[in-house]
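A short worksheet on the structure shown next.
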Number of protein chains: 2
Amino acid sequence: MLLTKTKLDRDQRRELILDVAQEVFLEEGFANASMSVIAAKLGGSKGTLYNYFKSKEDLFNAYVERRCLWQDEIFAAPIGTETPEETLRRIARAYLKRVLTDFNLKNFRLITAEAERRPEIGLAFYNAGPRRGAERVAELLSGMQADGHLDLDDPLDAAHQFLGLAQNRYFKARLCNAIPELSEKQIEAEAKLAAKTFLRAFGKR
Amino acid sequence: MLLTKTKLDRDQRRELILDVAQEVFLEEGFANASMSVIAAKLGGSKGTLYNYFKSKEDLFNAYVERRCLWQDEIFAAPIGTETPEETLRRIARAYLKRVLTDFNLKNFRLITAEAERRPEIGLAFYNAGPRRGAERVAELLSGMQADGHLDLDDPLDAAHQFLGLAQNRYFKARLCNAIPELSEKQIEAEAKLAAKTFLRAFGKR
DNA sequence: CTCTTGTCATACCGTACGGTACGGTCATAT
DNA sequence: ATATGACCGTACCGTACGGTATGACAAGAG
């Protein structure tokens with residue numbers, strides 16, 4: 001059958017285009033990214049590119065949409081044998097490891113820069129990313145509270161505060177490109193510090 | 001005298017150009033800002049503009065330099081009659097009020113977006129801004145500890161954590177343009193929450 | 001075989017930009 | 001009065017971009 005065959009190829013190629021577009025957008029920013037070089041990197045022609053996406057904005061929207069589907073489990077539930085401190089450290093470590101990545105920061109700069117002119121893009125990203133993340137952490141903290149390990153007023157408030165404790169020192173610095181990617185040791189130290197302070201405030205004594 | 005007169009005018013005009021350039025850069029971003037519209041907004045000509053700054057990059061560098069000189073006293077020292085909680089709330093309130101401003105966020109997006117390609121810009125900004133701010137807070141916390149109000153391991157760690165507690169929930173959201181400017185009430189609530197948690201962790205009992 | 005469909009390559013259009021050049025104007029210093 | 005120097009307005013250059021059009025080629029369908 002022709003229809004199904006070409007249909008399949010079309011979706012595959014679309015993904016491939018988005019892969020290349022992502023690369024270029026992250027490296028150059030939206031304004032500086034060029035449809036011509038995207039087509040060239042594809043090994044294809046601009047005609048084909050415009051066959052799949054009707055404009056540069058359209059392509060960028062598709063990129064953002066795909067990026068916002070990202071939702072995986074950095075925040076795994078606590079394991080039975082873990083102490084509360086271990087659980088918090090593990091969460092903070094996984095979170096920092098993800099969020100301070102070069103890739104993640106490039107994406108973040110790209111989105112925020114474009115959110116200036118197009119708030120709906122920033123909103124979609126925020127809801128799928130930071131907002132969802134904080135809610136997930138709140139769920140975990142709720143569980144820990146139910147187990148009698150924590151003494152929280154409001155789990156969501158506490159989740160935001162915990163993430164703030166964990167990331168504040170390095171997130172801005174990394175966003176400003178003022179420091180290179182962190183070592184495992186640095187991440188571990190920061191995660192430890194965040195967990196310690198959080199438990200000093202909210203741990204059941 | 002001709003020399004001093006023209007010299008004075010030159011500095012004034014330079015500042016005026018930078019004012020206009022700032023406006024355009026913040027509104028359009030570096031890539032989208034146009035030297036022609038800057039000249040037009042000046043009421044002057046491109047020739048004059050290029051008489052003062054030899055290129056768009058040069059103009060942008062001058063803008064960043066001027067912005068990075070920013071250093072004032074959001075973080076005033078504690079007043080004699082204040083309780084520790086009041087001091088912390090006042091600091092957090094002043095900090096949030098400044099950092100969550102539309103203006104500040106536009107500047108932040110602009111700098112970080114450009115820091116991608118030119119790390120020295122991001123570094124200069126980070127050192128003059130977030131870094132310096134955290135150090136200032138650390139000094140204040142040190143003073144409070146000397147007065148017997150706090151029990152800290154490391155004042156700088158604590159300062160980063162305190163600022164993290166205060167800003168994490170709203171900073172990213174504002175950066176993504178996902179929420180509008182905060183009301184006084186919201187800022188007050190967040191400052192209160194941060195101070196409360198901080199004292200739960202580090203307050204002398 | 002022919003016809004269709006999607007792709008490639010390339011040339012092209014209009015536009016906008018950064019930056020330069022030039023001629024005219026106006027105020028001031030001598 | 002005249003010369004100097006800064007400014008304005010505008011036209012211009014080269015370049016690069018987003019986007020379109022065209023023609024050729026390859027592969028699968030009838």
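At R0 = 25 Å, how high is the FRET efficiency between B:Leu156 and B:Glu181 if r is their beta carbon distance? Nearest 0.05 is fine. E(calc), rounded to 0.05, equals 0.25.
Inter-copy label distances for A:Arg98: 3.3 nm (label point placed 7 Å from Cα along Cα→Cβ; shortest first). In this structure the amide hydrogen of A:Ala33, modeled in the peptide plane, comes within under 5 Å of no amide hydrogen from residues 5 or more places off or on another chain.
Seen against the Cα atoms of chain B and their longest principal axis, helix B:2-32 is set at about 70 degrees. Per-residue Karplus couplings for the stretch A:185-199, computed as 6.51 cos²θ - 1.76 cosθ + 1.60 with θ equal to phi - 60°, are listed in order as 4, 5, 4, 4, 4, 5, 4, 4, 4, 5, 4, 4, 5, 4, 6 Hz, Gly and Pro entered as x.
How much FRET efficiency would the formula 1/(1 + (r/R0)^6) give for B:Lys46 and A:Ala77, where r is the Cβ-Cβ distance and R0 is 56 Å, rounded to 0.05? It comes out at approximately 0.35.
Taken along the Cα-to-beta-carbon direction at a fixed 7 Å, the label points for B:Glu188 and B:Thr101 span 2.1 nm. Placing a label point 7 Å from the Cα of A:Glu139 along the Cα-to-Cβ line, the residues of the stretch A:90-132 whose backbone N sits under 17 Å from it are A:91-92, A:95, A:127-132.
Rounded to the nearest 500, the helix-only mean residue ellipticity at 222 nm of the protein assembly as shown stands at -24500 deg cm²/dmol, with each DSSP H run of n ≥ 4 adding -39,500 (n - 2.57).
Given a Förster distance of 22 angstrom, what is the FRET efficiency for A:Leu16 paired with A:Lys54, based on the Cβ-Cβ distance and rounded to 0.05? Numbers along the way, then the final one.
On the way: r = 18 Å, r/R0 = 0.81.
After rounding, the FRET efficiency stands at 0.80.
Note that the stretch B:146-163 has calculated 3J(HN,Hα) couplings of 4, 7, x, 8, 10, 10, 9, 7, 9, x, 5, 3, 5, 5, 4, 5, 5, 5 Hz, one per residue in order, obtained from phi through the Karplus relation 6.51 cos²θ - 1.76 cosθ + 1.60 (θ = phi - 60°); glycine and proline are x. Measuring nothing but how far apart in sequence close Cα pairs (under 8 Å, 6+ apart) lie, relative to its length, chain A scores a relative contact order of 22 percent.
Taking neighbour counts of Cβ atoms within 10 Å as a proxy for exposure, in what order, fewest first, do A:Met35, A:Met144 appear? Walk me through the numbers on the way to the answer.
On the way: A:Met35 16, A:Met144 22.
Taking fewest neighbouring Cβ atoms as first place, the list is A:Met35, A:Met144.
Comparing mean-square fluctuations of A:Gly148, A:Gly29, A:Gly80 from a GNM of chain A with C-alpha springs under 10 Å, the top value falls on A:Gly80. Angle check, please: helix A:84-99 long axis (alpha carbons) against the longest principal axis of chain A (alpha carbons), in degrees 0 to 90, nearest 10. The angle comes out near 20 degrees.
Looking at the calculated P(r) for chain B, what percent of the C-alpha pair distances fall above 31 Å? Before the final figure, lay out the partial values.
Details: 7107 of 20910 pairs.
Looking at chain B, the distances longer than 31 Å represent 34 percent of pairs.
Expressed as a whole percent, the proportion of Cα-Cα pairs in the protein assembly as shown lying more than 36 Å apart is 34%. In sequence order, the stretch A:114-127 has phi-based couplings of 7, 5, 3, 8, 9, x, 4, 5, x, 5, 4, 5, 4, 5 Hz under the Karplus curve 6.51 cos²θ - 1.76 cosθ + 1.60, θ = phi - 60°, and Gly or Pro positions carry x.
Only the coordinates and a few stated rules stand behind these numbers; no lab work does. What you see is a predicted model, and the numbers here were worked out from it, not measured in a lab. As a convention, Cβ positions derive from the backbone with ideal geometry for all residues, glycine included, and neighbour counts pool all protein chains shown.
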